[in-house]
Structures are given as structure tokens and as C-alpha cells.
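The values are calculated or read from the model by the stated rules, or taken from the named source; none is laboratory data. Not measured: the values here are computed from a predicted model. Neighbour counts run over all protein chains shown; Cβ positions are idealised from the backbone, glycine included.
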Amino acid sequence: MVGDVVQAEVKKADVKQEAGLKIEEKKGMILVRKVDGLFKRRNIPIQPGDRIHTINGKDVEDYRGGINEMKALIKNEIKIWIKFERMEEMSDESEEEEEQEELLMLEGPEELLQLEYQQEEDDDEEDEDEEEVLHLTNGPTESESDYEAGMEMRLFKLKSKPKLNGTIVELVKPGKPGRWEVKLLRHPMRQVQAGTLMSVAEVNLKEL
């Protein structure tokens, strides 16, 4: 209900796991910008627009480092518990848009990279590194690759999205000739949204 103050907590398996609480500062308040990761999978009743009052028992006004300190805490602490206030009801349309949104969060101040699925029709473009988020298709495509599903590889020499270079991925299944569907796992320097599916050319995959 609007105006209710609710307490919730999640506990990560390790510090690398994504808590999934994205926050922003507006009009002197700390608000929820997006919910995914653990907060979404645990069905925490929090939504974009809710106001955060405390994080790990400390009032948000008392964080001397401001919103950046709070973001770092959410990212680096194993256990996150918050008190938040419902500011407005979410419409069914907003909920549907939130569920369908696929974002890849990269390290940096509010930097979002949105990957949209684009089906490539021109065979001449198959060797280009145009990575896209995929909706899984029915059944694997035949491939002459020596790679096998389940192998972990490293992305490299990507030109259109160079910040993904170095990301560790898991091979899911062959795609079009010379391409694989892969699942993002982790990056040694940046935070990525694990589980995001992409299609990449084999020339951009390197064995660990």
C-alpha cells in the first residue's frame, strides 16, 4: 500500500552475486530505479519509485559518501537489508515493461548498455561482431565448430561493444554458421548481469 514502510533483506552467496537493487537520487530522496537479481528472484515487494529510508540499519541521510557509498555497499556487502516506502502503485503495463526489459549493467556511474535482439538476414554480416540479446529458438543449429556447449570462453576483439572484451561466457548452443549463443558469467574488472544471452562470432571467442 502507498505510504507503508516495509523492511526486507537478501543474502548473497558471495560478493560477486548481483543483489539487483538499483537506486538513484531525486529531489533529495533515494529512490529505487530498477529491481532485478536477488531482490527480484526472492519476490521482494519493492518496485521502481519506492523510497529507501535505511540501508543496513543506517539512514540514507547519514551516508557521508552519498549515493555512491550506498551503491558500493549494495555491490560489495554479502547481506543487504533495507527499509523502504511505497510511493505509488505500479500499473500492470509498467510491470510488464519491467519484466521484459533486458539490461546489461557495466561498472561506472549510471552507465547502462541495452542489448536488443536483432536478427541478421545478410550472410555477409555473419562474421561481424554485432552481439545481440537473443530469445532462445527451438533446437540448435548445426555447426562445424570444435567447441561444445558448456565450455567457458573469453570474449575478445569485439569492436561494436569493446567494454565486453574480457568477459567470461558459457557456450549455450551453436547459432548460425560461425556463431554461438553464449551466456554472460563474469568479468574480472567490471560487473555484468550474469545470465544475459548473446550471439557472438567464433572469431570473438578465446579459450581460457
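The combined condition, being touching an Asp or Glu at 6+ places or on another chain (Cβ under 7 Å) and either of a type in the set (Lys, Arg) or modelled with pLDDT under 50 (or both), is fulfilled by Leu115.
Candidates are the residues of region 40-65 that are assigned to a helix (DSSP H, G or I) and modelled with pLDDT of 90 or more; the one that is surrounded by the most Cβ atoms within 10 Å (Cβ to Cβ) is Val60. Listed by first and then second residue, the pairs with beta-carbon distance under 6 Å, at least 6 apart or on different chains, first residue in region 10-23 and within 14 Å of Ile55 (Cβ to Cβ) and assigned by TED's automatic domain parsing to the domain that holds Phe39, second β-branched (Val, Ile, Thr) and not in a strand (DSSP E or B), are Ala19/Ile74; Leu21/Ile74. Scanning region 32-68 for residues that are in contact with an Asp or Glu (Cβ under 8 Å, 6 or more places away or on another chain) and free of Cβ contacts under 8 Å to residues at least 12 places away in the same chain yields a single hit, Tyr63. Just one of the listed residues (Gly175, Gly150, Gly166) is surrounded by 15 or more Cβ atoms within 10 Å (Cβ to Cβ), among the small types (Gly, Ala, Ser) and at pLDDT 90 or above, namely Gly166.
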